[in-house]
Every structure is written in C-alpha cells, then in structure tokens.
Amino acid sequence: MTEYIIRRLLQSSLVLVAMSVLVFAGVYAIGNPIELLVNPMADDAERARVIANLGLDKPLWEQYLTFFKGALTGDLGKSFVFNVPAVGLILQKLPATIELALCAMVIAILFGIPLGLWAGLKPDSIAGKTIMAGSILGFSLPTFWVGLLLIMLFSVQLGWLPSNGRGDTVNVLGFEVSFLTADGLSHLFMPALNLALFKLSLIIRLTRAGTREALLQDYVKFARAKGLRASRVVGVHVLKNIMIPIVTVIGLEFGSVIAFAIVTESIFAWPGTGKLLIDSITSLDRPVIVAYLMIIVTLFIVINLVVDILYSVLDPRVRLGQGAGQGAH
Amino acid sequence: MRPVLEVSGLSTHFFTRAGVVKAVEDVSFALNAGEILGLVGESGSGKSMTGYSIMGLIDPPGKVVAGSIRLKGEELIGYDEARWQKIRGNRIAMIFQDPMMTLNPVLRIDTQMLEAVLAHHDVPREEALRRSREAMVKVGIPSPDERLLAYPHQFSGGMRQRVAIAIALLNKPDVIIADEPTTALDVTIQGQILFEMQKLCRESGTALIWITHDLSVIAGLADKVAVMYAGRIVETGTVDEVLDCSRHPYTRGLMCSVPACNPRGQPLKQIPGMTPSLLSLGAECAFRERCARATAQCDTMPAIGQDAHAVRCHHPLGAPT
Ligand SMILES: Nc1ncnc2c1ncn2[C@@H]1O[C@H](COP(=O)(O)OP(=O)(O)OP(=O)(O)O)[C@@H](O)[C@H]1O
Ligand code: SF4
Ligand SMILES: [Mg+2]
C-alpha cells in the first residue's frame, strides 16, 4: 500500500513537470505580456526596466529554470499584474470554487442516487421514464444556456434569487464560506444547481444502469430467498454493489466539476478561481496561469488517489498495487 | 402422516410479448419430513420455475396462475409479499446453482448470515452469530470464527456452496429447494456435498427438493423422483420405480442417454428431435413429435395417473396391452 502510494506520487510529479513545460511554452507562444503590462507612453529605458524586473529578458529555458527552482520550494512566481505570489492569489479564490463544486456534487449525489435507484427499480413506470427523459435533457443542454435560463427565471422574472456574487460569508477554519448564511445560500443555490445538472444526469444514469444489472444477479435472488425485506435487498445488497462504480465516477468527476466551474463562475460572477483564470489569460499573466494549472492538476492527482483508496475499501476484491488491478488507473 | 409440502395443480405462466409461456403446468407432488425428491428434466423444462413458484419468487411477467402449495397444511398461494417474506428463508429455503454468484461479493460472510437469522428471529446479535457458527460447523467449514469475517472471494467454489447451504439451514426450514447446487463444482466436491446434504436432511427431518438434469445424481440421493418435460411432470414415483422400471417413453429415453445404463462400446442413444417451444404447445402430448409409441390417441394431452408410480402417457411402457 505505502509502496503503491509512493509510486503513484512519483508518477504524478512527472506529470506536473511535463505540464508546467507545456504551459510555459504555450503561454509564450500566445503573445508577449509586456505589451499589456507596460504603459504605452513609457520610454524605452522604462520598458527595459520592467522587462528585466519580470525576468522576461532572459531566454525561455532560463526563465523556466528559475521557475522550476522556485517551484521546488513552493514558490510558483509572482503575478505579472498584481505583483503578489501567484499561489496566494489562487488560494485566496480557491475556497469559493471548492465550495461551489462541493455543493454541486452534493446536489448531484443527493438527488442522483435516489432518482437513479427509482428509475432502475421501476423502469416502466411513468416516474421512471420521466426521470430518464429529464436526465437526457440534463446531459444535452449546454451549461451556459441553462445558467442564463435560471437567471432569467429566478432573478429577472420572479426576483427570488440574486444572480451574482457570493453573498454574505462566514469564516470557518480560516475559509470564507457562503453556505452557512441565508444570504450566501441564496447566492449559492443557482450556480451550484447549474454546475450540478450534468453530473446529476450522469449519476442518475449510472445508478439506474447499475441497479438494473444488479437486480438480475443471483445474489439478489438469494437475498430475497433469505426472506429479507425489499428495503434491505435494495438498500444493502444492490446499493453496496453499485456504489463501487458510482464512487469512482464521482471522484474522477470532481476534478472536472472544478474545471467546468469556469463557465458557471463566469455566468454567475462567482468570485472563484475560474474567473481569476479567465482574467489571467486575457492579461497573459503567465505565473498565475501556470500556478492555477499546477494546483488543479495536483488536486486531480490527490482526488484520484483518494478514489483508488476508497475503491479498495468498498470492493474487498481489490487490493491496491497488485499488478494491473481495476484499482490502478 | 401429513406431508410437509403438498403441491397440486401448480401452473406458472409468463406473459411475454411473443405469447404465454407455460413454464410450469399442472405440477403436483407431496413431500414428507426428511424425504428427498429429485426433480429431473432437461434445460428449460420448468424445474427452476417450479422452485421459484414454491418460494413465491416469480417476478412479472410471470405469475402463478393456478394450483395450491400447502406447507404443513397452510396454503401459501395468495399470500402477499409480507407473508411470503416470513416463509422464505425461514420455513422454505433455496440454494442456487452457481456458488460464485449467489453470495454478495461486497458483503462479509457474517453480514450475509446474520441478516438471514435476524430477518426472522428477534434475537440478539450474539445469538445470531452463535447460530451462524453452528450452521457453518454443520456443513463442514473449518474454523468458522475466522471464515465468518472473510469475503466470498476468499472461498473456493465448494466452500461458497457450503456457506450457501449453511445459510439455508440457519433457520431450520421445513423444506430446502436445491437448484442444481453441485453442477458447477468438480466431481469429488459434488460427492461430498451430496452426501452431507443427505445426512443433514435425514437428521433434521428437513424435506429436500433436489433439482438436477443428471439422473445419476438422483439415483444415490433421492427417495422419490419427478421427471419434468415441457413444464409438466411426466412420471413420478420412488427412485427404484422410476429409474429401474421407467414407464414413460421420455424417461426411458433419458435413462438410455446415461452412460452407466449403456453396455460398453455401444454409442449412447439420444432422444431424437428437439424440445418443443413452450410458446407453441398445443393440445397434444408435448412429447409426441419425438415419441416412437405415439398414436392418434396422443393428439390429446394424457392426464397423469393417481398411483404412487404415476405416468402421463397414453401408452406407457410395461403396461399390459
Ligand atoms: N422471464 C421469463 N420470460 C419468459 N419465459 C421465461 C422467463 N423465465 C423463464 N421462462 C421460461 O420458463 C421455462 C422454464 O425455465 P426454467 O428455468 O424453470 O427451466 P429449468 O428446467 O430450470 O432449466 P435449466 O436446467 O436450464 O435450469 C423456460 O423455457 C423459459 O423459456
Ligand atoms: S402419450 Fe403418446 S406421444 Fe405422449 S409419451 Fe405417451 S405414447 Fe408418446
Ligand atoms: Mg434451472
């Protein structure tokens, strides 16, 4: 187990290095941030001073080396625009994004699993068919369009919910969170729902497919033959088996929820990392872009590792690190 | 003595888009305490559906459309789900064919055993655990305390089937229905399990219905035999009567396709033709297309006799003509 985790972490650091090289080269190729950073009225001496200050006068490989040395000590460079450490800038915005993503996931799980179970147990009922039709909509409607629709309906027409910002926040363990205040909740609801919709549909479909498959298995028949109540057959025998793929997917999708949050954050002006990233790309603020991607990829890696560990807890047949088991992605 | 289980006129049909599948039709038999009935027939003849009907486990589009199932005189047909739950696993238990599939792969053995006790008895966990341990010892599982904490994949096929049998025995049922429980196991293990099941049922007075398509298994195990063909029982009687003096042309054909019954060196005789589709059964004897003895009389389905050795045939073998 320990050996497995160490091997995974080593692989992951290689991924991180490769990614930072790519992003470095990519942003360099897009354009020169100097044009955006220096006052067009500045003279050549002033211009050269700024370039030297940002280290942009050196060749790219040397810039990367400087970045790499800094990264080893946890310093991912300073924002060109704000002249403060990029990591700090992102970490300051990250709680808002994570709160949004977590809420979206909670909505998707809380509604997705029961609805999927229902649709799987009663595939021919009206409710079952309605749930499935709804999930197809959730899959196919574009996120930004649904987001705009939500704003039109709840903010503009009905005036029930605010359409932008986080609302009142409270400080919990050093993080600002919205979900503990009524005002914050009303701000959180629409973006979280918007972000959840796709994952909700995914979880419904996964749960339904898993349920239908499990119901055909002999162990369900045997469980019924023992005289167990239907609630136990479904709630323990079926659910425990279908939780294995569901937990895997939920875990893997959590990373993409954070990534997708960029769209939702833009629509609802949610002050998270997504919005920061868009701004940084516009101003070619390379240190922030690189730092953002490094942090997101690290998050992905940690999540995948946690999922694998969870997987082995849920499925007694999986032992981590033994060859190419299902647990090793 | 009143039989423990009396099944009479049982019919189970499946209402599919293609038509009504008469999977079980007019099946009757009776079982005394400690008695073993071998239910024999080829694939698709309705053996499993007979078992599921007795467990109340027929799911739509299937339905028990006629007949009566009496357990110690208590009529089970017409029971709602809640009452069936009190019967299942408690007074009638069932074991399935594939031990790799019947135990839930993600639940520990103790969970799967305890829930079977606790579903029917309001006893503390310790007592349920004690009964589980006892049942495991009974079916020959060594070091039960350790094994209870294991998961199914840590057991061999034979051991898993023993666990399933132990679960079936937990609540000391009146009847156990074993649906080909040894087919998936190798021959030595099969022999051991057969022997132990026989012993356990004799000792505890549990009646056993042993479903199989293998006549040679029945010979050493059962007291009575019922041979099924296309959903109906075509011949029933004691093992000696049915196997040694089979009277139905189908049973006789089955006997001749068993290696032990054939003189060495001669090819095994096969019954010519194919099993009829259960969808297209007409009014005639279902075996007619394959029967060498068929006459015009066989255009109508023969009734099964009322004797102890009963046969559903207009022209049974060995009858005075
Ligand atoms: N859900 C269903 N829908 C339609 N027909 C069904 C259904 N389930 C079972 N049947 C029919 O019931 C018939 C009897 O099936 P059953 O499983 O009892 O056969 P069996 O004697 O146990 O055969 P095997 O030795 O293969 O287990 C089959 O021919 C099948 O066509
Ligand atoms: S009733 Fe006729 S067709 Fe049917 S088994 Fe007997 S002899 Fe053959
Ligand atoms: Mg069967």
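Residue pairs, Cβ under 9 Å, 6 or more apart or interchain, first in the stretch A:277-289 and without any contact (Cβ under 8 Å) to a residue 12 or more places away in the chain and more than 19 Å from A:A96 (Cβ to Cβ), second of a type in the set (A, V, I, L, M, F, W, C) and in a helix (DSSP H, G or I). List them.
A:T282/A:L36
Quick check on this structure: which one of B:L268, B:L281 is more than 16 Å from ligand 3 (Cβ to nearest atom), closer than 30 Å to B:T16 by Cβ and at pLDDT below 85?
That would be B:L281, the only listed residue that is more than 16 Å from ligand 3 (Cβ to nearest atom), closer than 30 Å to B:T16 by Cβ and at pLDDT below 85.
Considering only the stretch B:130-144, how many residues are among the aliphatic types (A, V, I, L, M) and surrounded by fewer than 18 Cβ atoms within 10 Å (Cβ to Cβ)?
Looking only at that region, the number is 1.
Answer yes or no as to whether B:E81 is out of contact with any Pro (no Cβ under 8 Å at 6 or more places or on another chain) and either crowded, with 16+ Cβ neighbours inside 10 Å or within 9 Å of chain A (Cβ to nearest Cβ) (or both).
So B:E81 fits the description; yes.
Kindly provide the set of residues from the stretch B:284-294 that are within 7 Å of ligand 2 (Cβ to nearest atom), open to solvent by 50 Å² or more (accessible area, probe 1.4 Å) and part of a loop (DSSP other than H, G, I, E, B), ordered by number.
B:R293, the sole residue that qualifies.
Identify all residues within the stretch B:35-63 that are near ligand 1 (Cβ under 8 Å from one of its atoms) and either within 14 Å of chain A (Cβ to nearest Cβ) or free of Cβ contacts under 8 Å to residues at least 60 places away in the same chain (or both); write none if there are none.
Scanning the stretch B:35-63 gives B:S48, B:M49, B:G51, B:Y52, B:D59, B:P61, B:G62.
What do you reckon, is A:A192 out of contact with any Cys (no Cβ under 7 Å at 6 or more places or on another chain) and at pLDDT 90 or above?
no
So, in the stretch A:241-265, of the ones that are closer than 26 Å to A:I30 by Cβ, open to solvent by 30 Å² or more (accessible area, probe 1.4 Å) and free of Cβ contacts under 8 Å to residues at least 60 places away in the same chain, which residue ends up nearest to the other protein chains (Cβ to nearest Cβ)?
So the residue we want is A:A259.
Taking the options B:R70, B:R88, name whichever one is more than 16 Å from ligand 2 (Cβ to nearest atom), open to solvent by 20 Å² or more (accessible area, probe 1.4 Å) and charged (D, E, K, R).
Criteria check complete, one pass: B:R70.
What is the residue count in the stretch B:4-34 for residues that are open to solvent by 30 Å² or more (accessible area, probe 1.4 Å), assigned to a loop (DSSP other than H, G, I, E, B) and more than 9 Å from ligand 1 (Cβ to nearest atom)?
3
Please pick out the residue among A:A127, A:A96, A:A104 that is open to solvent by less than 30 Å² (accessible area, probe 1.4 Å), of a type outside the set (S, T, N, Q) and at pLDDT 90 or above.
Answer to the check: A:A104.
Go through B:Y229, B:Y250 for me and flag whichever is open to solvent by less than 80 Å² (accessible area, probe 1.4 Å), more than 14 Å from chain A (Cβ to nearest Cβ), at pLDDT 80 or above and within 16 Å of ligand 3 (Cβ to nearest atom).
B:Y229
Spot the failing condition for A:S155; the list is (1) open to solvent by 50 Å² or more (accessible area, probe 1.4 Å); (2) within 24 Å of A:V263 (Cβ to Cβ), and only one is missed.
(1)
The values are calculated or read from the model by the stated rules, or taken from the named source; none is laboratory data. Here the structure is a predicted model, which means the values were calculated and not measured. Here the Cβ is made from the backbone with ideal geometry for all residues, glycine too, and neighbour counts use every protein chain on show. For accessibility, only protein heavy atoms count, side chains too; no ligands or nucleic acids. Shrake-Rupley method; radii C 1.70, N 1.55, O 1.52, S 1.80 Å.
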